[in-house]
Structures are given as C-alpha cells and as structure tokens.
Amino acid sequence: MKRLFKDSNNKVAEKIISSKEIDIVGNEEYFRIGVLVNGISIDNGFSNSINPPALIPRFELCIGESKRHTTVRLNSNSPFLFNKNTLSAKINSSVHAVHAEMFNRLVGDKDYSFSPIRANGDSLVFDWVHSFCDYFCKFCFKEYDWVIQKSLGISHSKESEIERNIEYISEYLLTGKQNDYSVIWLCTGSLSDPLMEREQHLKVLDLIRSNKYSGRVFMSSAPPKDIVFNKEKSLKVFNEFKNHGLDRLNSGMELVNTKFRKEYIKGFKGSLTCKDYCHFLENAKCVFGNNVGSCVLVGLEPHNNSLEGLLQFSKRGIQSVPTIYTSFVKSQLNNKVFGDVDEFVRTSLSYKDMIKRYNIEIFKSVFGLV
Ligand code: SF4
C-alpha cells in the first residue's frame, strides 16, 4: 500500500523521480532498489549524528517492516533522503516515505574500513584476502583499504596481511559468534597462484569446522587457472574441498558481455566467457549437486546481458546471486551505470520469474537485485 509522507517538519530531497513501476512493487521494495542504485543523501539536521567509515562511506539500513539489511553509499545528489528513521523521495506527483533504521556499526573491526568479517543478511562473510586481488576489477573496492594504507606507508606485505587476517578470523571463531549465522561465506579475492589460494581456503575451512561450526559453508573465488579447463583436475579439487566440509562452490562471473568483461576485469578472469563459467560450474555440480552458484552484477552492462547470463545459469540449475552495482569509492564514479530505478525494478521482476520457473534459491544479500 502506498504510504505518503505526512510530517511537514521533515524535508525531502529536491530531485523528482518519475516512476511507472512503484505501484507494482510497492514502496518498500522500490526504496530498497532505489537506494542501492542511487545511495542516500542525509538531511543536514541529522548529518552530525552519524559517522560513516571514512574510506568507504556506507551504511546499513533496514527498510520498512523488513529485518533485511541493505548497504547504501552516501551520495549528496541522491533523490532518496534519510532523516533519523525515515527515507523519503519525491516520486511522480507525491512525496513517499518509508520507515528506515540505520546501523552505525557493521560487524567487524574498526581497524579496517572494509572488515575481513562482515554480516551479509543471514550469513557471515570471511574475506581474508580482501585487501588485494590479482584481478583488480574496476567495480570492486576490496583492495581499497590496502591501497590507501600503502599510500600512507603503513601497508604490510601480501603474506603478512594474509596471516594478519587469518589470525583475526581464528580469534573471532573462538568467540562462537559465528553460530548466530546459518551460512559462512569464504569470499576471497583471487590470487594468481592457485595453489597458494587453495592452501588458504582449506586452512580457513579447517579452522571453521574444527571450531564446531555446524552451519553451511560456501566458498566464492575466481575459477583457478590450473583447473578451469580440465574436468578431471577440477573434480579432484572440488572433492578435496567437499571432504574438508565445504557445502557450496560459487564463482562470480559478475559481467556477461565479453566487451564489458574485458573492460572491467583485468587478466585471466576477464578473458573467461559466460560459456566457460557454465562449463566450470557444471563440473562443480558433479560434486556439489545444486549447491553451485555464481554472482552477476547488474548495472555495468545493458540489463538484457545480465538477464541472459542469469538465464544460462538458471537453466543449468546454477544458483545465482544477482547484485546491484554501486560505486562506493571515488575512482568508480566514472563507471557508467545502465538503467534507472524503474529498469532495475523490471530486471528484478524478470529474475523473480526465472526463480519460479527454474526453482532457484533466493539469497537476500545486502546488495541483492531480489
Ligand atoms: S576478482 Fe573479486 S575480489 Fe578480485 S577485484 Fe574482482 S571482484 Fe574484487
């Protein structure tokens, strides 16, 4: 039901959004998608009471009645204005608003602006190689911490940074807090040395299982160079992971169209095609069954490309986690974003149809398209 903004003491952003889709999805979902696409501006009267992380300025919000968290960036030009506990926007001829709660604290440590331990919906993300990756995708901000630290002359070597993060994760596991989450994602960047990367994944997997975590563990990484085109080798590696307690293998394709893949993803990962991902993930299905997935990033290429990739995965029973692209750091502001909020809403609805048709699992991430 449409909830109009009544409180005359509150301000709204000046920009007007024109929308044909808001009545189809309702205020709450429209605002969720809208703030992922545009970020939020903050009412001046409220901005002194908040303290966003300096390097990657972002917040988590719960929008409307939902307990789901959504990660948003700060954007002074956003038509979505946040004030204390309300998100509002001028949409078509009226002012709309939803209740929203802001979380100042993210799960993780304040020594990091992007912590190696983060909550993402019902799951916990361990991202110990977050501070560097050999692919350096233009849409990713994981290395930002490391790059900034390096420019300030306080960076650690790659190896000691990995050790520092793994130690941080082992200390966290001793607290038992991971048991509040039903899934742990081992969500790493990707090193060009596949053996080194596998060794680290297995080490963290063993740490999780030896600390008696009984929830599911999912892993996400780029297809390793040494096994991606070799089924026999792939199956051997997948089985090893399964024997160490891994429940799901995920490999984020992110972009579908070859031109955009090459533009945004450097090196080997950028050279892989949607077909390569399908073969690799179909091999993984021989070991993990339906517990195989991929991420598709919506917004950096025409939406029909993203939908085509999602369709290829859905048809093969590969679980996708489509996310909405957000420019979080300055260097990303020049990335061209395809589509307005209405187009993201339509893409989300098309994907919901696919979910029904192919019986795909829904994963409600903080950046989720659905
Ligand atoms: S491969 Fe993953 S971690 Fe590495 S830069 Fe790309 S998106 Fe980020």
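The values are calculated or read from the model by the stated rules, or taken from the named source; none is laboratory data. All of these numbers come straight from a predicted model, not from anything done at the bench. Cβ placement follows ideal geometry from the backbone for every residue including glycine, while neighbour counts extend to all protein chains displayed.
Just one of the listed residues (Val217, Val204) is away from the ligand (no atom under 14 Å from the Cβ), within 12 Å of Ser123 (Cα to Cα) and crowded, with 17+ Cβ neighbours inside 10 Å, and it is Val217.
Of all residues in the range 243-275 being charged (D, E, K, R) and farther than 17 Å from Glu301 by Cβ, which is surrounded by the fewest Cβ atoms within 10 Å (Cβ to Cβ)? Please lay out each step first, then the result.
Taking the range 243-275 first, the residues charged (D, E, K, R) are 247-248, 254, 259, 261-263, 266, 269, 275.
Next, from what is left, pick out any that are farther than 17 Å from Glu301 by Cβ: 247-248.
Numbers: Asp247: 15, Arg248: 22.
Only one residue fits best here, namely Asp247.
Being more than 17 Å from Lys285 (Cβ to Cβ), among the hydrophobic types (A, V, I, L, M, F, W, C), at pLDDT 95 or above and within 25 Å of the chain's Cα centre (by Cα) is true for just one of Leu249, Leu205. Which residue is that? Answer to the selection: Leu205.
Determine, yes or no, whether Val337 is in a loop (DSSP other than H, G, I, E, B), touching a residue at least 60 places away in the same chain (Cβ under 8 Å), among the aliphatic types (A, V, I, L, M) and surrounded by fewer than 18 Cβ atoms within 10 Å (Cβ to Cβ).
In short, yes.
Reported count of residues in the range 340-358, each being in a helix (DSSP H, G or I) and either within 25 Å of Phe59 (Cβ to Cβ) or touching a residue at least 60 places away in the same chain (Cβ under 8 Å) (or both), is 9. A single entry from Phe363, Phe280, Phe313, Phe328 fulfils the requirement of being assigned to a loop (DSSP other than H, G, I, E, B), closer than 28 Å to Tyr181 by Cβ, assigned by TED's automatic domain parsing to the domain that holds Val237 and not acidic (Asp, Glu): Phe328. Does Ser221 satisfy being touching an Asp or Glu at 6+ places or on another chain (Cβ under 7 Å) and either over 11 Å from Leu272 (Cα atoms) or β-branched (Val, Ile, Thr) (or both)? So Ser221 fits the description; yes.
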